[in-house]
Structures are given as structure tokens and as C-alpha cells.
Amino acid sequence: MTFLAELAINGALVGLMYALVASGIVLVYKSSGVVNLAQGGFVMAGAYLVWAYIARLGLGLIPGILAAAASMGALGWLTERLALRRMIGQPVIMILMLTFGLEVVLRGAVPGALGADTKPMPIPISQAPVWLGDILINRTYILGGAVAVVMVALLAVFFRTRAGIAMRAVSDDHLAAWAVGIPVERTVALSWAVSGAVAAVTGVLWGAVQGVDWSLSLLLIKALSVAVLGGLDSLSGVVLAGLIVGVFESVISGYVDPFVGGGTREVVAAVVIFLTVLIRPYGLFGREVIERV
Amino acid sequence: MRRWVYWVLVLVLAAGLAAVPALAQQKVITFGFPVDYTRVYVFVAEEWTQGMVDYLTLMNLKGGVGGYTFDWRVVDTGNEPQRGIEAYERFRREGATIFNFISTPVSNAVAPRAMEDGVILLMPFHGRSDAADGQTFPWLFSLGANYWSQATVIVQHILEAEGGNLRGKRIGLVHIDSPFGREPIPVLEELSRRLGFEFQSFAFPSPGTEQSATWAQVRRFRPDWVLLWSAGPSQSVGVREAIRNGFPLDRLVSVIWLDEKDMNIVGAAQARGVKRFEAAVPGREHPVVQEILQKVYQEAGKGFGKIENVGSTYYVVGIASVAPVVEAVRIAVERFGEPVTVDKIRAALEMVSNFDLNGLMPPITITPQDHEGGGMGRISQWDGSRWVPVTDWMSAFRDVVWEMVYKSSAQFRQGQ
Amino acid sequence: MAAGTGAAPATAGVPAGDVILNCTSLVRRFGGLTAVDRVSLSLREGEILAVIGPNGSGKTTLINLITGFYKPQEGRIVFAGQDITRLRPHTIARLGVARTFQNLALFSGMSVLDNILLGRHIHMRSNLLSTALYWWWGVHEEERHRRAVEEVIDLLQLEAVRHEPVELLPIGVRRRVELARALAARPRLLVLDEPMAGMNQEEKEYMARFILDARDELGTSVLLIEHHMDVVMDISDRVVVLNYGVQIAEGLPQEIMNHPAVIAAYLGERRFDGPRH
Amino acid sequence: MFYRECGVRHTTYAADRALAVIPFERALLVLLIVLAAAAPWIVTDLFLVSYLTPWLIWTAAVLGLNLLMGWAGQIHLGYGAVMAVGAYTAVHVARAGAPFVVAVAAGGLVAAVIGSLFGLPALRVRGLYLAMSTLALQVIVDWILVQVPAISGGAQATLLVPRPHIFGIPLVTDQARYWTAAVFTLLVALFVANVRRTDVGRALIALREKDYAAAVIGINVFYYKALAFFVSSFIGGMSGAALAFLYYRAVTPEQFGLNVSIMAVAMVIVGGLGSIIGSFFGAGFILLAPIWIEHGLRELAAALSVHISPSTLAHLPLVIYGGLITGFLLLEPLGLAKLYDNVRNYLRVWPFGYTKK
């Protein structure tokens, strides 16, 4: 029983950290209907920047993170301004590919400029375990899960502000939003900026877990799965999807691995996604698009 | 804007196409190092290649070997087999006769070609472990302890640390779920039968940056010793999980892929006690490394990479993986006379005997049967700032290793 | 193929031939809204039947029921003696029902010719094998159907735009292409969903002419949905009027024009006999 | 100007639906086929082995994926897994003693069956949701490949590919392998071209554009979606087998991993969705650009004797390559095929530029 609880709790915390990566994807999707395949690259770039600001420029921890978040926000804003805006009206798949190209650029530029070898994320988290009775919980994950919850909550609050409501309107219908005087372009650019900043914070957490190098960009796959599972346009959906993926892959692989003699973690996640898509085609919280003939 | 993009494309492609093979000069041995600088092997490629090239540069600065100097071609493959094959075909036509890809998938993909073309393929600490079987793979050379040998050396260390008796002990293997990660399992199973310890393996899937569920299982097993079998970022994650789970670090032994940088990511002080398999002496004290620092970096200014890398774990692995080939060239000139051809180098490699580069690496003896060279290594331990050897160079349970090698190479021959 | 080309009498109001489509008491509800409420109608071979009604009166839902996109909660649809109530759209199409869409549903990225050729889909005996063996097999099939399509192109005067991509054409021409695609299938029943929407008077008259031609030359029965009455009254043999999903009148065009419930429905006046919900 | 169409009039339906309607294009096509056949005497063997052969086989694979993505409009992120199924099946069949052609066909068939399973979610979902479910299946297939040594070839997970024979003639030389690849790709390209201009192709485009409108003209949407997955997986499986036999000569799981699937999608999109010539362009660009950029930069750095650290030099090509993908899409979102088409259309009406469409 404690084994199960430990697997479930750690899985849930990791799931929340997946959800945080995915929330960056959801944010952009909500405002512009674009799925940003460079989100993993953003996370990597954010982590690298935090490292560079702290280890190379000697900024403090908090100023370093804030500076990185600001830089990533600017990068997100620029991305929208220079690339995505020119693609408005093009088929979705082209835009997807464009963001993929961006991801390749980031994966070359950032490690190329700052060094490809793995770097430690300079934040002081003790390795000492946290014991909850017999259950061992990872400190980094507790922090990660907590930050993820706070960030997603902040985003949810943000969507109740004026800018956030504008964003929701834009996501519903570009033309209609235009017609009622919402600055659509500015709103979309804002969502890119915010998702860039979120990527920087995510980069800190995941950098603390696995070190800072190109492999942070691989988080994209997990994040994409979580985002799609959550329905792509719902923050609460993303949190729930993150929890589901995290808990399932942790618990099931914990019990099944010894019998299979292999790591089933990724496969479990894949099966969860496959089945969910079959059973609930628009994700857990997605809006079903009703087509009119 | 449009024109600009076109011009860049045209220029770059033209430059690529115009890369005419340089005329093969007289008395030059050319190496091909198409390595993975950007993907899975990022953690090792830069330092390893630097070690190889710096050593060859040193040899050139000293006037070459037997009148022969060395040349090399380096390119990134991104760990993609088709890019590796392209680089192989290109470099081979530019005269390269000895290759090291530092990538298991690429090496394995190129191996059939190398064997057909008669090109030497070095596979130290990667590629096919059964390349040790020189009869089946005349053109492949392991030149260092393969993963099966590493597993036996580690178990030998455990056996000695436990006073010669492992009966009733529990040994766990935490490994990445890939062919590489699973390689030691049959060896450890066989040894558990012989020595009477209880063995269990715990896999985590690639990229292995999340291992909490795996380690929860490890804790349930209550192992006395844990072997860590992965590479890259997942290694530091594994060590961290061990610390967190309260596992004594001096009972955690890693495969060869654990270095100073991993320890710094974990936290140099917190990681004190971790052990690993070691195949070359890290540090700058060794005379060869000193010579490289002095002649290559300070006098000639021809260092291939950052000077900070010199003497790192993977840097000396780089030296150790070309030094036997240089030795073979010397033997070839001596025994077979000029001109030195790839066939002569291959034959000479099989004559390299008890070569240890003044103690930088374990003594290696290559024969037509044994392309691994004895499979020796040692265990070293992190003392909080550097790696300290805790055993001598050794090899162990050779019969188990060779049984694995022959079984695997027989499977390979079936497909020929 | 429809037999008796030109057999249908041009004299309006005297439908001849057998009943080809018979809907009995169709009901379709969406949540609390009853979009189609016990509508019954029947259509004879060679007849042009218009269904008219104000916006939101359930005309398009009725068509979607007949062509299989929605299933009715109650009632029965019989086409050419076969119950098609529960069949899927493509099966119904194979039985000889073709339709056009109010908002146009041409396949962009294709030429006019390819769009119309698609109309021949139900008659084509082509498959992967015939495609793989194109030069021995597939080509003959393709050319045979090309001939049939050229006839329709001829009929609807689309020769000049044959190779144009459909998305570049003006809306009036596109409606004609869609009609051509429907006619290419040589349907026994042609269902037209507001084929004159967004057209000016001249284009409307052209379209009316084409519809009559289709009936007269190809012998197709036509179920025509229209929003405004003027042109419809000229070409239809009979008219059914829907309002809020309920059938409020049925009869010859001139009868309908003077029907008080119809006038009320169109003027929006809430009268005693207008059904409410 | 070469493409001039003025005065060209078709008098038969056959001429109107020829593969190349413009006389110059027909000549170009013939010339290209002749050049392709004579390639071993024209280009260096490095070019033949390292570029032409893999490029042609990849083109065949991309044609298969393009059939699915470009024509039928279904996103597929698991194409690498389909190719893997084809390659592994073919190699195992060949190791059991079957002739090369039979092995490749068997690979195609098994891949088609398993690939059709990938298509199951397509009956319910589309777009990103479909992309994710195919991605999930890629992960599952990868896992099985690595997990079952009987499939992947023992502890080293490398399976040696038997030497292919065609009608008893062993394909040992680079030239023979190249020609086999060229013929294979030509056949696939012709098949796809024929699909495009017959009813099956039109039906696929119809269901991509508007599936309800496709249904109303009698197209069985489920059947054609499944058919699209079947055919594309068949081509993908055969291409995977061809890659194994004619190019790789040893199969490892990494040759068909997720990044390969993404690469295939990139080839389709950069080349141009639903374009045959675009498949050639896209496969060539995505496959060869990183290699040539890398070598080009290296030569450039050497020529200018600039010392750049090898790691930086290795990352720079990624920046250029990613930048090119981004740049091309910004420049011409419809892919390289559209760029070609623009040139062609310009020349077709030259010098009457004002009639340009």
C-alpha cells in the first residue's frame, strides 16, 4: 500500500510538472489555434538562459530566473511577430512545420552558443528525502508540483483579466474579436510572450531534475500528449491530464515492469493516450467541434 | 529577403558539393571520426574526439610514427545512421581507413559495409560487444572492455569488497531500457547462479530523466549493491535518486559512463562515494597528458578543443582508443615494411601486445581471436573532487564473457 | 439511369409517374427544439417539388434527413420502394439521390472537371488494381466516364472553365459546378438546397433554366428547397411550406401564393393557425 | 518559355489526361529517366551510394506518406514504425530463404495490415488528435522492437540483411542496388500518379476536403480512409524493406524511430502536400541538406582558416537547416513543389506575364 501511495504521489507531482510544460502549448493554442512544436525548445532555451544568467553573469537566483523569463517572453513575442503572424490563414500543418523548424534552430543555436555539455541548474534543492511515513517523496518534485499548481492557477486568474478575456475571445473567433475592437495581433503576441515566460520557469524545474542540456527539448513529446489529452484549450484539462499520465505511468510501470523485464513507463503513457483519443476524441476537456452540413 | 535565402542555400550547397577530396598525400594515415556532437552522445563526443585528435596531433608534432603522419576528418552525424553512412562513404573515398563513430546505432549500421570494404572500425565502449570475436569480425576492434567485461569486473570488485562471498547478497541493476542497458543482464544472471547472489534488474525508459518509480522498486528489493547502467543525463538523475532513497553511495557502481560533470550536476560533495568502472587514468598527471598540454596546446597552439577538457575522463578514453592504433602503425612499419596499407595495420593491430601507454590504460593484448584485448579495467571512486582508483587493473570471469561473445557472434553469422 | 427522358409533362400542377420519394411523419429533435415535426411529403418521378419556408423552418434539416446525415426520431423515408430511413449517406447516394449544399461543398484543390468526375464515383468500377494497371484497365474506365461528364458540362455550359480550379470561380459558376457534379451521377432524385442563394436576378433565371433542363433532358425528379418564392413559383410543380418545422401548407404554386398561413408565416404575423412552440 | 503551352491543343481525352501535358515537360521527364538510368556513369560512386540511392528510396516512402497526408488529409506521426514493420518483416522473410522480391512484398503486406491498425483512430478523430494517437502507436511499436530480441536480432539489436537477388542475379554492386532502387521508386511514383488521376485519388481528395460532401456523392468515407492507410502503409513497408536491403544492409531500431517519422512528415510538408514532384524535392531537401550544409560549413571554415570549436561547428548546421525550413515555409507555405510550380507557370505564359494566374 505504501508502495502504491509512493508511486502515485511521485507520479502525480511529475504529472503536474508535465502539465506545466503543456500549459505553454495550451496558452498559445487558446489564442491562435497554433500548436507550438518549439515549446520543448523554449523550455531548453529558458533553462540555458537561467543557467547562463546565474553561472556566467553572476546574477542571483531570483533575478536570474526573472531575467530569463523576461528574455524568453521577448523570444516568444518575437517568434509571433516575425514568423507566425505571416502564416495567418495558412493550413495548420504548415504552421506546425514552421514551429518544428524553429525547434531545430533553437536546438542548434542554444547549445551551440552556450555549450552542449550538460550543466547543473544552480538552484539549491537538497537531495535529502522527504518521508511521509514510509513514503519517500522527491523534494524537487514537491517544489515542481507546487510551482506548477501556482503557475497554472496564475494563468487561470490571468484569463479572468481584461487581457485574458480578450484572449479567450480571440480564441473563439478571430474575425468576431476584430469586429468588437480587440487587438487580435497584440493579444496573440501576448500569449506567445507569456508562454515563453512559462517555458523559462518550466526550464528551471526540469533543469533541476535532469540538468541543463538539449535533451530538455524532448519534453515536447510528453507535453504534447498531456496537452492533447487535456483537450488543448483547457488549463484545468491540462492539469487533470498531467495527473492522469503521471500517476498511470508511475503506478502501472511500478507494478508491471518486474513481469515484463523492461521499462513500460513510456508505453503506458502511449496506451493511455491512444485509448483516450479513441474513447474521448476531443480530449478530456476539449470542446467538440460540431460541424454543420 | 527572398533573394538572400536563395543565395545562402546556393552558397552552402555549392560549398558542400565542391568539397573535393584532397589528394591523398604520401605517407599519411587518415582517420574518420564522424561522431554525434548534437544528440544522444553529446555528453561524450566533444571530449572523446578531442582526446583522439590531440593524441594524433602530438604524434605528428613528434614527427609521426615510422615516417607516417596522421590526418583525420571530423563531422557531426547527429546519431543518424544515414548521415553516418554518408560520412563513412565520403571519408573512405578521401582515404580514411580507420573509423570511430562514437555511436552504437551508427557503428552497427556501418559495420556490414566496413567488413565488405576492408576498413577498420573501432568500437571501444560502444558498438557491438561481440566485436571482441576477431574471427567473425576481422575488421571490427573493441580495443577496450566491452559491457560484458565491465559487468564482470564490477562483480569481481563487489566479490572482493564482500570478502569473497556473495551468497545471500542482493545485487540490483538499474538500467536504461535499450539494448545497451540490457546487455549486462545475462552476464549478471550467470554470475548470480555461480556466486549465489540474488539478482534483479530495474529498467527505466529512455531518456531516463524521471526514475522515481524505478527507484521505489529498487528500494523494495533492498539491494546490497546497485549497478548503474546508462549514459548521459539519466546518470546524474540515477545517482540523485540513490541519494534520496538513502542508498549508500559506496555501494553504487556505474558502468564506464559517469564522469566529473555528472558529479557536479548531482553536487560534487553530495556525490562522494560513488564508484564506477574506469578504462583509462583521468587527470593531468600522466606524462602523455602533460606532453599534450605542453606541446600541442602551449607550443603549437593546435589543441582541438577547450583546454579545460584535457585530462577529463572521456578525454583520456579518447587517447586510449587511438593509442593502440598508433602502436599498430609502428608495428606495421617495423614488421611488414612500407607502404603501410590498411591490411597491414589490421594485421599489426592483432599483434599489439601488453600495450598500456605507460600506464594511462590497462595493458591490452590483441590477437586474431581476441579483438577486445583482455577486457581489463578498474574501479574508481569519487572522493568529492576527483576520481580515486580503488582497485588495480583487472579482468574477471573471462569464460562468461566469451560465452556471451560467441553466442552473439554466432547469431550474427546466421544472417550472413 | 432514369428512363423516359422528357416524359414528364411540362404542364405544371399535373404530376405524373410513380411516387419515387415518400416521407411519412418525420420527426427530428435537437435537444428541446423540434426542427422537423411530423412532416410528410411525396414526390413523383419527373416532378419538381419545392419546399419553402422562412429561415429556421427546418428545410435543411429535412434534406439532411432524406440524404442520411441525420436519422429521424420518428417516421419513415422510402425511396424508389426501398426504406432508406436508417441508411448512411453514401449508400443513399448509391441508390440515386444526389444533392447540392446551401453553402456549397465543392472540393477545392481540384479542377472543375475533377469535381464533376467525382459525381461519377458511384458508377465507376475502379479500384486499386485498376489504378495499378492503369494503362491496361483504368484508362478505359476513366475515358468512358469522361464522355458522360462532358455531356453534363455541355448541358450546364461549363466548357470554358473545365480546367480551372474551383476555388477561383465566382459563386454563381460554382453553384453550377455543384449542380453539374450532382447531375453527373445521373440521379433519379436531385435534392437542391437553396441553389439560388446569393445570386442576382439574371443568375437566378439561368439557374432556373438549368433545373428545368435537368428535369426535361435527364428525367430527374427534383426536390428544391428555396427561401424566396418568386423563381420557385415559376418552375415547381408543387410546393410544400414549412414553418417552425411544421408543414403548414401543400399544393400548386398559385394556391400556395394565396394561402393565408403561408402569407402569415412570411410576414411573421402570429396568427391562430401558425404553429408555435 | 520552355514550358510554353501556347498552341498546344488536345484533341483526345487521352492527351488531355497525360501525365505531362506540356511537350517540354514530357521531354524533360524522358530526359530525367534517361539520366537516372545512366547515373552510374555520370556521377561519382560516392554520390550514387550516399545521396542518389537513399534519396530515391526515401522519395518512394514519402510518396506513400503523401498519399495519406497530402491526398487523404490524414496526419501520421508513426510512419517510421510502419517502415520498421516492413523492413523487419522483409529481412526475417528473406533470412528464412525467400527471394528478395517476395520478401519486399511480404514486408509491404504486413506493414499494410499493421499500418491499417494505425488508421483505426482516423475513423473517429482527425488533426492533432490523430497525430497523437499515431505517435502513441509509434512508441508502442518501438518498444516492442527493442523488447523482443527475436525480432530485433539478439543482444546487439542489429539484424544483418541477407544479400538481395533478383531473378537469381545477386545485387552486390552499388550500381545494381541503385538501379533497383530507381526502378522501385519509378514504379511507386507511377502508381501514385495514376492514383492521382483516377477515381481513387479523387475520392481521397474529396474526403480530405469535405467528408460530408464526399459521402453525399456516394463515397464511403470509412472505406476510403482505411484504404488510404492501407496503401500508404504498403508503400511505406516496401520502402522500409528497400532501405534495409539496398541501403542500410543491417537494420537497427534507430533507423525507424520517432525522429524518422517526424523527418518523413517534414519531407512531405517541405516538399509540398499532395505533390509528386514535391515528394522528390522534400525527400532530397530534408535528407541531404543537413549533410551538405555540414560539409559545406566545414570546407568554408577550412578555406577561410577560421577556427571554430567542433561542437559549435556541429550545431551551426542545425541553425541553418532549421532556418531554411522556417524560411521556405514563410516564403512559400505550399512547399518546394509550389516554388517549382511558380517558375513553371511563369514560363508557361512567357512572355505574356500578365495572364499569370
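Each reported figure results from applying straightforward, stated rules to the coordinates on display, with no laboratory input. All figures in this text were calculated on a predicted structure; none of them were measured in a lab. Ideal geometry is used to build each Cβ from the backbone, glycine not excepted, and the neighbour counts take in all protein chains shown.
Kindly give Rg over Rh for region C:112-186, based on alpha-carbon atoms, with the Kirkwood expression for the hydrodynamic radius.
Working: Rg = 13.0 Å, Rh = 12.7 Å.
Taking Rh as the inverse mean 1/r over Cα pairs, Rg/Rh reads 1.02.
Over the Cα atoms of region B:282-416, each weighted equally, I'd like the Debye log10 I(q)/I(0) at q = 0.11, 0.19 Å⁻¹, rounded to two decimals.
Debye output, listed in q order: -0.55, -1.20.
Kindly give the semi-axes, whole Å and largest first, of the ellipsoid equivalent to region B:148-277, taking each as the square root of 5 times a Cα gyration tensor eigenvalue.
For region B:148-277, the ellipsoid semi-axes come out as 21, 16, 14 Å.
Binned at 10 Å from 0, what are the whole-percent values of the Cα-Cα distance distribution for region D:165-320, short to long?
Bins of 10 Å from zero give 9, 27, 29, 21, 10, 3, 1 percent of pairs.
Which ordering of B:385, A:32, C:126, D:233 is given by a fewest-first count of other beta-carbon atoms within 10 Å?
Going from sparsest to densest Cβ surroundings: B:385, C:126, A:32, D:233.
Can you tell me the orientation of helix C:201-218 relative to chain C, as the angle in degrees between its alpha-carbon axis and the longest Cα principal axis, to the nearest 10?
On a 0 to 90 degree scale, this one is about 70.
Under a point spin-label approximation (7 Å from Cα along Cα-to-Cβ), what is the residue C:82-residue D:26 distance to one decimal in nm?
Distance between the two pseudo-spin positions: 4.3 nm.
Suppose R0 equals 25 Å; then what is the FRET efficiency for residue B:308 and residue B:93 from their Cβ-Cβ distance, rounded to the nearest 0.05?
0.10
Based on the alpha-carbon gyration tensor of region A:77-195 and its eigenvalue square roots a ≥ b ≥ c, which shape applies: rounded if a/c is under 1.5, prolate if not and a/b is larger than b/c, or oblate?
Oblate shape, in that a/c is at least 1.5 and b/c is the bigger or equal ratio.
Report the local net charge at residue B:338: Lys and Arg +1, Asp and Glu -1, summed over other residues whose C-beta lies under 12 Å from its C-beta.
Details: positive: B:27, B:335, B:344; negative: B:334.
After counting each charged neighbour, the total is +2.
Spin-label point model (7 Å from Cα, Cβ direction): what's the residue B:116 to residue B:61 distance in nm?
Modelled inter-label distance: 4.2 nm.
Using Cα positions and a limit of under 25 Å, work out the lysines in reach of residue B:306, with same-chain residues fewer than 8 apart set aside.
A:119, B:62, B:261, B:295
For chain D, with equal point scatterers placed on the C-alpha atoms only and solvent neglected, what are the log10 I(q)/I(0) values from the Debye formula at q = 0.11, 0.13 1/Å, to two decimals?
-0.82, -1.12
Quick check for you: which residues of region D:17-45 have the amide N under 19 Å from the point 7 Å beyond the Cα of residue D:343 toward its beta carbon?
Inside the label zone: D:20-36.
Give or take rounding to whole Å, what are the principal axis extents of the alpha carbon atoms in the protein assembly as shown, in descending order?
For the protein assembly as shown, the Cα extents along the three principal axes come out at 113, 74, 56 Å.
For the residue pair residue C:128 and residue A:55, what label-to-label distance in nm results when each label sits 7 Å from Cα along the Cα-to-beta-carbon direction?
5.3
Residue by residue through C:97-108, how many Cβ atoms from other chains fall within 10 Å of the Cβ on average? Could the numbers behind the result be given before it?
Working: counts 2, 3, 4, 2, 5, 2, 2, 2, 10, 4, 10, 3.
Averaged over the peptide's residues, the number is 4.
Taking neighbour counts of Cβ atoms within 10 Å as a proxy for exposure, in what order, fewest first, do C:156, B:122, A:284 appear?
A:284, C:156, B:122
Using each residue's phi in region D:204-215, evaluate 6.51 cos²θ - 1.76 cosθ + 1.60 at θ = phi - 60° and report the 3J(HN,Hα) Karplus result to the nearest Hz, with x for Gly and Pro.
Values, residue by residue: 5, 4, 4, 6, 5, 6, 8, 6, 6, 5, 5, 5 Hz.
In terms of modelled amide H atoms, which long-range or inter-chain residues lie less than 5 Å from the amide H of residue A:212?
Correct list: A:119, A:121.
Length gain on complete extension for the stretch residue A:82 to residue A:142, per 0.36 nm per residue less the alpha carbon to alpha carbon distance?
17.8 nm
Tell me which GluC sites (Glu not before Pro) from region B:272-367 have a DSSP coil assignment and no more than 16 other beta carbons within 10 Å of their own.
The qualifying sites are B:285.
With a 10 Å cut-off between alpha carbons and a GNM built on chain A, which of A:225, A:126, A:234 moves the most?
A:126
Using only alpha carbons, build the gyration tensor for region A:2-214 and give me the equivalent ellipsoid semi-axes, biggest first, whole Å.
Values for region A:2-214, descending: 31, 21, 15 Å.
How many angstrom lie between the Cα centre of region B:257-321 and the Cα centre of region D:236-269?
So the separation of the two Cα centres works out to 38 Å.
Based on the Cβ-Cβ distance of residue C:42 and residue C:263, what FRET efficiency does E = 1/(1 + (r/R0)^6) give at R0 = 35 Å, to the nearest 0.05?
Working from the Cβ atoms, E equals 0.90.
Just add up the charged neighbours of residue C:123: K/R +1, D/E -1, any other residue whose Cβ is under 15 Å from the Cβ of residue C:123.
That works out to +4.
Cut-off 17 Å, label point 7 angstrom out along Cα-to-Cβ of residue D:35: give me the residues of region D:161-185 whose amide nitrogen falls inside.
Inside the label zone: D:182-183.
Report, in whole Å, the centroid distance computed from the Cα atoms of region D:291-321 and region C:46-112.
Cα centroid to Cα centroid, the span is 63 Å.
Mind checking the angle between helix B:2-17 and chain B's longest principal axis? C-alpha axes, 0 to 90 degrees, to the nearest 10.
Once rounded, the angle reads 90 degrees.
What does DSSP give for chain C in terms of the percent of beta bridges that are antiparallel, rounded to the nearest 5?
Of the beta bridges lying entirely in chain C, close to 55 percent run antiparallel.
Considering just Cα atoms, how many Å³ per residue does the convex hull of chain C enclose?
137
Can you order the peptides D:143-156, D:193-206 by their average number of other Cβ atoms within 10 Å per residue, highest first?
Peptide ranking by packing, descending: D:193-206, D:143-156.
Please report the spacing between the Cα centers of region C:138-166 and region C:218-266 in Å, no decimals.
Measuring centre to centre over Cα atoms gives 34 Å.
So if R0 is 45 Å, what FRET efficiency would residue A:150 and residue C:71 give, r being the distance between their Cβ atoms, rounded to the nearest 0.05?
According to the calculation, E is roughly 0.40.
Enter the mean projected area of the convex hull around the alpha-carbon atoms of chain B, in nm², rounded to one decimal.
Projected over every direction and averaged, the Cα hull of chain B covers 22.0 nm².
Using the number of other C-beta atoms within 10 angstrom as an exposure proxy, rank B:222, D:124 with the fewest first.
B:222, D:124
How large is the Rg to Rh ratio of region B:356-404 when both quantities use alpha carbon positions and Rh follows Kirkwood?
Rg/Rh for region B:356-404 comes to 1.07.
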